[in-house]
Structures are given as structure tokens and as C-alpha cells.
Amino acid sequence: MTKAYIGLGSNLDDPQSQLKKAIIAMEMVPSTSVVKTSSFYRSKPVGPQDQPDYVNAVVELDTELSASVVLDYVQAIENEQGRERKIKWGARTLDLDILLFGDEIINNNRLQIPHVEMHNRGFVLLPLNEIFPDCMIPGVGAVSSLLQEDNAEDLVKLI
Ligand code: ROI
């Protein structure tokens, strides 16, 4: 059994519903359970500013699957919810990122774990810290100390 942390983000088509639907879909993944869900946070877009604010959250999974099979499932959920991959850093109905997968370090053409940008992103660090306050990012450091340096002050807790 591996603990995996998934970052969720949406800024189109009723973002809060997109996240709720995605969590229900993750509960249906075989040999996997959603054990914790952070609050939902509204956040200003990182990258191009000419797009709506995002809603972000993080969930903790217990899974018997490998990281690449979890990736297959989360990509299927993104596709199911109408994710289009046209514009880099553009608006999206649903983004699901595997942030951490146990203590595994993975670098291949499909997956980089720990997620390469997570330590820079308040919209990941704040919800992750809420459900896993002792989290260490392999090769980077403690989420709680990254959070103090990072500007997560523009995040607004929704539910
Ligand atoms: N910005 C915020 N605030 N939240 C996201 O989930 C998000 N996702 C992205 C980019 C475009 C980098 N910006 C984001 O992919």
C-alpha cells in the first residue's frame, strides 16, 4: 500500500463541481481509496493572468496500484471531464497532478515525481500542508517551511 497525494485544479465550468466530481471518480478507482481531502481554495492564476481564478485542493490516496497505473486513471478522469490540452498554462476544466507517490522518485517520459513545480506553488503547498503537516518533499524539504517562504497569502479557503 502506498500513500499518494494528488493535486486538483480547475478554473472553468464550475470549478468546485469539477473538483467534487473528480474526487468521486477517484473513489471509484480499483484498489484505491481517498483517505483525506483538503479544503477547497480559490487562488489567483500562476502563469498567464488573463484567465479565471482557480479552485485548488489536494487529496490523499491509499493505493495498491503503481504510479503509472494511477496516472492512467487520473488522466482518464481528466479526459472524462473535458480536459483539453491545447494551451500550455491556459485555462482548464480539470487538472490532476500526482504530487507524491510514497517516497518514490520517478523520472521518465510520463511522470516526474515529486512533481517538479510543487514546491513553488502556494496552491499546492497550502492544501497539502493542511492534510499532511509533516510532509517532506524528497530532495526539497519540509512543506511547512516552504510554505512560510512561499506566498500563499492570496489563497482564499472556500469549503
Ligand atoms: N494557477 C493556479 N492558481 N492553480 C492551478 O491549478 C494552476 N494550474 C496551472 C497553471 C496554469 C500553472 N496555473 C495555475 O497549470
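Please determine, by comparing only the residues of segment 1-34 that are of a type in the set (S, T, N, Q) and crowded, with 18+ Cβ neighbours inside 10 Å, which one is farthest from the ligand (Cβ to nearest atom). Steps first, please.
As a first pass, look at segment 1-34 and keep what is of a type in the set (S, T, N, Q): 2, 10-11, 16-18, 31-33.
Narrowing further to those that are crowded, with 18+ Cβ neighbours inside 10 Å: 10-11, 18, 32.
Details: Ser10: 8, Asn11: 7, Gln18: 11, Thr32: 22 Å.
Only one residue tops the list, namely Thr32.
Could you list all residues from segment 33-54 that are closer than 16 Å to Ile131 by Cβ and not charged (D, E, K, R)? Explain how you work it out, then say what you get.
From segment 33-54, those closer than 16 Å to Ile131 by Cβ are 33-41; that's our starting set.
Scanning segment 33-54 gives Ser33, Val34, Val35, Thr37, Ser38, Ser39, Phe40, Tyr41.
Is it the case that some residue within segment 49-59 is over 19 Å from Asp154 (Cα atoms) and modelled with pLDDT of 95 or more? Reasoning before the result, please.
At the first step, the residues of segment 49-59 found to be over 19 Å from Asp154 (Cα atoms) are 59.
Imposing the further condition that a residue be modelled with pLDDT of 95 or more reduces the set to 59.
Within segment 49-59, one or more residues are over 19 Å from Asp154 (Cα atoms) and modelled with pLDDT of 95 or more.
Hey, does segment 35-55 have a residue that's surrounded by 13 or more Cβ atoms within 10 Å (Cβ to Cβ), among the small types (Gly, Ala, Ser) and assigned to a helix (DSSP H, G or I)?
no
Residue pairs, Cβ under 9 Å, 6 or more apart or interchain, first in segment 107-130 and closer than 16 Å to Asp154 by Cβ, second among the basic types (Lys, Arg) and open to solvent by 70 Å² or more (accessible area, probe 1.4 Å). List them.
Listed pairs, sorted by first residue: Phe123/Lys44; Leu126/Lys157.
Please note which helices (runs of 4 or more DSSP H) are completely contained in segment 64-159 and include at least 2 residues that are open to solvent by 80 Å² or more (accessible area, probe 1.4 Å) and away from the ligand (no atom under 16 Å from the Cβ). Give the steps one after another, and end with the answer.
On the way: elements: 67-80, 122-131, 143-149.
Ranges flagged: 67-80, 143-149.
The values are calculated or read from the model by the stated rules, or taken from the named source; none is laboratory data. No experiment lies behind these values; they were computed from the predicted model shown. Note that each Cβ is placed from the backbone with ideal geometry, even for glycine, and that neighbours are counted across all protein chains shown. Just so you know, the surface numbers come from the protein's heavy atoms only, side chains and all, with ligands and any DNA or RNA stripped out. Shrake-Rupley method; radii C 1.70, N 1.55, O 1.52, S 1.80 Å.
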